[in-house]
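K.L.:
Can you keep this structure in mind? I'll have questions shortly.
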Amino acid sequence: MTVIDWDALQHVAADAVGRAYAPYSHFPVGAAALTDDGRVVSGCNVENASYGLTLCAECTLVGELRQTGGGRLTAFVCVDEGGRVIMPCGRCRQLLHEFAAPGMVLRTASGIRTLAEILPDAFGPDDLSRERLRRDPA
Ligand code: THU
């Protein structure tokens, strides 16, 4: 099992906060994650004058994941402007689920948690498979 350097990962997230564009909420967010092939990817929130179009930090992180080689996320942390750990919002838990490695873990205010703990019974790609629909028609 690989040891996760959470402080280093949180430092990357704190660095990403500085690149956030949050003129409407004034709540910059930075996120960082490890990938299953050992890369570190990060993201920051990017807001929009049409408020609902805001991209959370997780959105741009996932963009970087795809742009830099794809793969799966194994560890994740996001922080506010003060570098304090915050929870990913509900929508972003779903976004992370799409790209999570089995057993993906997060650093949260209440300790290290799995994604499955904070997004139980998640809907995901498997739920769309034809094979599953055939097996469980109801
Ligand atoms: N935000 C994120 O970037 N990620 C989250 O998981 C929580 C919320 C952003 C969206 C918005 O720009 C600001 O924080 C305030 O909600």
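K.L.:
Of the residues Gly111, Gly69, Gly83, Gly103, which is loosely packed, with under 12 Cβ neighbours inside 10 Å, under 30 Å from His26 (Cβ atoms) and at pLDDT 95 or above?
P.N.:
None of the others qualify; the one that does is Gly111.
K.L.:
Also: Please tell me if Ala31 is closer than 13 Å to Ala75 by Cα, within 13 Å of the ligand (Cβ to nearest atom) and not in a helix (DSSP H, G or I).
P.N.:
yes
K.L.:
Here's a follow-up. Checking the structure you have, find out if any residue of the stretch 73-80 is buried (at least 19 other Cβ atoms within 10 Å of the Cβ) and in a loop (DSSP other than H, G, I, E, B).
P.N.:
There is no residue in the stretch 73-80 that is buried (at least 19 other Cβ atoms within 10 Å of the Cβ) and in a loop (DSSP other than H, G, I, E, B).
K.L.:
Return the residue satisfying two criteria in turn: it lies in the stretch 50-64 and is free of Cβ contacts under 8 Å to residues at least 24 places away in the same chain and more than 9 Å from the ligand (Cβ to nearest atom), and of such residues it is farthest from Leu106 (Cα to Cα).
P.N.:
Among those that are free of Cβ contacts under 8 Å to residues at least 24 places away in the same chain and more than 9 Å from the ligand (Cβ to nearest atom), it is Ser50.
K.L.:
Oh, and also: Pick out the one residue from Glu98, Glu131, Glu117 that is within 23 Å of Ile4 (Cβ to Cβ), in a helix (DSSP H, G or I) and more than 14 Å from the chain's Cα centre (by Cα).
P.N.:
Glu117
K.L.:
Something else about it: What number of residues within the stretch 65-93 satisfy the criterion of being within 14 Å of the ligand (Cβ to nearest atom) and farther than 22 Å from Gly111 by Cβ?
P.N.:
2
K.L.:
I'd like the residue in the stretch 6-42 that is small (Gly, Ala, Ser) and either modelled with pLDDT under 95 or touching an Asp or Glu at 6+ places or on another chain (Cβ under 6 Å) (or both) and, out of all such residues, is surrounded by the fewest Cβ atoms within 10 Å (Cβ to Cβ).
P.N.:
Ala22
K.L.:
Right, another one. When the residues of the stretch 53-79 are narrowed to those that are touching a helix residue (DSSP H, G or I) at 6+ places or on another chain (Cβ under 7 Å) and charged (D, E, K, R), which ends up nearest to Tyr21 (Cα to Cα)?
P.N.:
It comes out as Glu58.
K.L.:
Also: Look at the stretch 12-37 and say how many of its residues are within 16 Å of Thr68 (Cβ to Cβ) and among the polar types (S, T, N, Q).
P.N.:
Qualifying residue count for the region: 1.
K.L.:
Going through the stretch 35-49 one residue at a time, which ones are more than 16 Å from the ligand (Cβ to nearest atom), of a type outside the set (Val, Ile, Thr) and touching a residue at least 12 places away in the same chain (Cβ under 8 Å)?
P.N.:
Within the stretch 35-49, Asp36, Asp37, Arg39 qualify.
The values are calculated or read from the model by the stated rules, or taken from the named source; none is laboratory data. Because the structure is a prediction, the values reported are computed rather than measured. A quick note on method: Cβ atoms are made from the backbone with ideal geometry, for glycine too, and the neighbour counts reach across all protein chains shown.
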